[in-house]
1. Computed over the Cα atoms of region B:337-534, what is the ratio Rg over Rh, Rh following Kirkwood?
2. Of B:LYS514/B:LYS562; A:LYS10/B:LYS177; A:LYS103/B:LYS141; A:LYS47/B:LYS469, which pairs sit farther than 26 Å apart, going by alpha carbon to alpha carbon?
3. Calculate, for B:ASP522 and B:ALA46, the FRET efficiency according to 1/(1 + (r/R0)^6) with r their C-beta to C-beta distance and R0 45 Å; round to the nearest 0.05.
4. State the answer as a single residue: which of B:MET291, A:PHE238, B:GLY467 lies farthest towards the positive end of the charge dipole of the protein assembly as shown, with beta carbon charges of +1 for Lys and Arg and -1 for Asp and Glu, about the Cα centre.
5. Counting other Cβ atoms within 10 Å, keep those with at most 11, restrict to DSSP loop, and tell me which GluC sites (Glu not before Pro) in region B:116-216 are left.
6. Between region B:330-383 and region B:123-168, how far is it from one alpha carbon centroid to the other, in angstrom?
7. With the cut-off at 30 Å, tell me which of the pairs A:LYS17/B:LYS397; B:LYS451/B:LYS569; A:LYS204/B:LYS335; A:LYS50/A:LYS249 have Cα atoms farther apart than that.
8. Given 25 °C and 0.890 mPa s, compute D for region B:70-117 with the Stokes-Einstein relation, Rh being the Kirkwood radius over Cα pairs; round to the nearest whole µm²/s.
Amino acid sequence: MDSYQETIFKLKRFWAKQGCVIQEPYDVEVGAGTMCPETFLRVLGPKPYKVAYVQPSRRPADGRYGENPNRLYKHAQLQVILKPAPANVMDLYLESLEAIGIKLDQHDLKFEEDNWESPTLGAWGIGWQVMLDGLEITQFTYFQQCGGVDLDLAPAELTYGLERLVAFLQDRKSVYDIEWVEGVSYRDVRFLDEQQFSVYNFEKADVGMLWKLLDLHEAEAQRLVNEYNASGTDKSRFPLLAAYDHVLKCSHNFNLLDARGAISVTERVGVIGRVRKLAVGVAAAWCDQERILSGEVAA
Amino acid sequence: MSEATQPFLLELGVEEIPHWMIVPALGEFERLFRETMAQNQLETGAVRVDGTPRRLVLRAEALEIRQADREELVMGPPKAAGEGAAQGFARKNNCAPADLLTEATPKGEYYAIRRKIEGRESREILAGALPGLITKIPWPKAMYWTGRDGVRFIRPIRWIAALLGEQIVEFELAGVKSGANSRGHRRLGADEIVFDHATYEERLEKNGVILSAEKRRKRIQDGIKKLLRGKGLKLIPDAALLEDIVYLTEFPTPIFGSFREEFLELPQEVLSTVMRHHQRYFTLQREDGSMAPHFIAVMNLKADRKGYVQKGNERVLEARFNDARFFWQSDLKRKLAERVADLAHVTFQAKLGSYLEKTERVKARARAIAASLGHPAEAVERAAELAKADLTTDMVKELTELQGVMGGLYAREQGEPEAVWRAIYEHYLPQSMDDPIPATQEGRILSLADKLDTLESCFSVGMAPTGSKDPFALRRAAQGAVKLLVEGKMRLPLEGLAGELREFLLERARYYFKEIRGLAYDEINAVLAAQPSDMVDAEARLFALKLVRQTENFEPLAASFKRIRNILKQAAFEGGELNPELLEAGPERELYEEASRVLASVEQHRRSDDYMQSLAIIATLRPAVDRFFDAVLVNAPDEAVRRNRLALLDRLYRQVSSIADFSEIVTSSTTE
């Protein structure tokens, strides 16, 4: 039986062999690996790219104080982007399962329709949830649109839910019982994290401050997008990546406010719209900057 | 038809197609193929389509290998245009002027030539037509995968086998070249399968693909029977689930699984929803009718030799049941009544605010409905207050299809009276025309109040459905409301509703009476034109009309009423006093007297809503009406007499039409 980290190593090694850049997790809070610039921005435009990384994904509302065996405030995703999707992408995916020790002729595998959509990011794709003996282990998506932009090359995104997958491989009923490395359990590593952040997110986070942070990050992201659009020269080194970090901060603060029950129904739609506007603004600017950098248009 | 035919086979290899789209797509595939072949004057012989998640297959038993030769007449200039024009025409068509024909047309004589057109090879026609044909198959949501301007299809096309006889029909689509080989099941078969028309299905089956949906269905059913033999367990049939699985698998094999008895303490609704909807398992009953701690899953695999699949599914189910138990216990810690305030944070619809606001509206409406039906309001109001609170529970967030049902179960556990918890439990019924309506009056009132509120509030912000667009399923809500009103015998006038919504409900009522109750559309038109006071009243009139229509006097009388309506319309008659003094002796006076007698009697029966008697008596007017039209000229020269006759007909028409507008009845003897 492989440990949690050994399984991760194997998956990374597998995708490295397919020519993927192996990135490290992004260092800003995100709700899903899709939101990292390595996915959100890199899927835009005509440049091929292949990348894989583990991304801890924070969903404040999913926290259960470390008491529920299958639910986590912060879970880890292995995110793979293949842009463009090769014709044998499904076969590659199946090989990756074999690579972590799943003998596919002894297991039942089904691809069930599951299209993905993120209103906050102006993004959607078409795909499946992959079911292994009745357990959803991967989300498989062909991206069609991101930041409101139709994608030139429809990339394939594979998102493995790592805790679930390893709990399956290690035959554990609770993710907390997963062996992270010999002698150390998932609980040893992560329990306090789950407990304390559940307390913070549900009980202690200062709502007034969160709103203030949301406003500040929004203003900064918007200022940068406006400045980019207004500037005539020097667009090629303009910090759009920094603008995008502020968008991610907005999204995370929104999720915290939501978990705290601080967002009313009418506000909710409005805030999602505000974040989407920023994401769409950055995506459009990014596409423009890419064209400049590739020498397609003059800076 | 030419002698030479060959079998044709087209297999589209596609990444897993959503199961529910396969059957409709096959229908379109076949239709497009037949259409294309007909346009090309090619006979196909029997056509058959089959589908699995990974392939759409079309086979034509005997496709003509080439079109028949035919002749075409090419018209040239008119003869009057002279020699020069004739020579030019001949030159253009590569023939000698001497070969030109003369064709007589209504516009004069024209030069013409007869040209032989050689039939084209089917293989060439197919190669040209198939790419377009395939991409024309309509899908609910298509995608691109070769780039933004690439082909759109439901999922990426990965291989194409196209064989006419033994030859490949060569074409390319989305970068895939058609070939002669098929592929097997992802894990059970080879990547390259060589086959011919006779061995196709057999070769696929050897490679883990059962092509025929019929055979897959049978394999599942037989497999389940075998698994249950001697176990004292009964399958709870689920036809929709069976169809899902048939189209989710290429080689279905059922397996038996179990869960711990202790989970049977959870509500059966929860167990069943988790198993059937979320895990796609069949559920089982013991002989005493109670739920058994077992299930049947269907693999896309031949066998579970090491038992891994069973074990895996059992573990997933146990984790889900554990979650459900956790939700059940933690949800119960907070009473529904305390949760109502939290509904301020649950969106009903962006423009319409929260579920808390909806709750307030539904409560008021339920109270009003109860009052107008003379039903005690207390339990209904309490149920309306709590009805949506389960949207804040973890169980409903996880198993959304249990909304309402969970609220009812939690209310029961928290000691709400039966009338209250049952009303909550049932208040989403009926969700389809096959669903029953709630069993209790409280449930019916709450369900109706909820549906009418959804309709009214959506209509008020301009979200009425248009054409095929109905994102809030308002048609279903309206249909449910009609079903509740009629089958729940709820005598509620529609008058209070806004015009647009009332029309919408009447439209749904027409649909309901016609499609669900099988009544004739003209009878429905006749009754609705008479503006019945409510849906129960409409049903009673329809029932009476249907029976009376079968009597001999009825249809001729209906034809006469159509005539009366036309006469009144043509005369632009706007009403007027009837003066009995002016009536002529004979058929005119007789009609007046007969009508007075009949209408007085009808009046009496109508007081007790006895539509059958009323209509039967009205039908006895026929001889008097017939005699009137035979002998009396309505358009009398004397204006006062004419007006009086119109007044007589008008009175008759209006009074009779207050039950059902007979002139709407379509009769064989109708003359306009």
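1. Numbers: Rg = 16.7 Å, Rh = 17.2 Å.
A ratio of 0.97.
2. On the way: B:LYS514/B:LYS562 23 Å; A:LYS10/B:LYS177 35 Å; A:LYS103/B:LYS141 33 Å; A:LYS47/B:LYS469 38 Å.
With Cα atoms farther than 26 Å apart: A:LYS10/B:LYS177; A:LYS103/B:LYS141; A:LYS47/B:LYS469.
3. Efficiency, rounded to the nearest 0.05: 0.65.
4. Farthest towards the positive end: A:PHE238.
5. On the way: sites: B:GLU118, B:GLU121, B:GLU124, B:GLU166, B:GLU170, B:GLU172, B:GLU192, B:GLU201, B:GLU202, B:GLU205, B:GLU214; in loops: B:GLU118, B:GLU166, B:GLU170, B:GLU192.
Taking region B:116-216 and a limit of 11 other Cβ atoms within 10 Å, the loop GluC sites (Glu not before Pro) found are B:GLU118, B:GLU166.
6. Comparing the Cα centres of region B:330-383 and region B:123-168, I get a distance of 52 Å.
7. On the way: A:LYS17/B:LYS397 41 Å; B:LYS451/B:LYS569 40 Å; A:LYS204/B:LYS335 24 Å; A:LYS50/A:LYS249 26 Å.
Violating the 30 Å Cα-Cα cut-off are A:LYS17/B:LYS397; B:LYS451/B:LYS569.
8. Details: Rh = 10.7 Å.
Here the translational diffusion coefficient equals 230 µm²/s.
Throughout, read-outs are computed from the coordinates displayed, never taken from laboratory work. What you are looking at is a predicted structure, and each value in this text was computed from that prediction instead of being measured. Please note: Cβ atoms are built from the backbone with ideal geometry, for glycine as well, and neighbour counts cover all protein chains shown.
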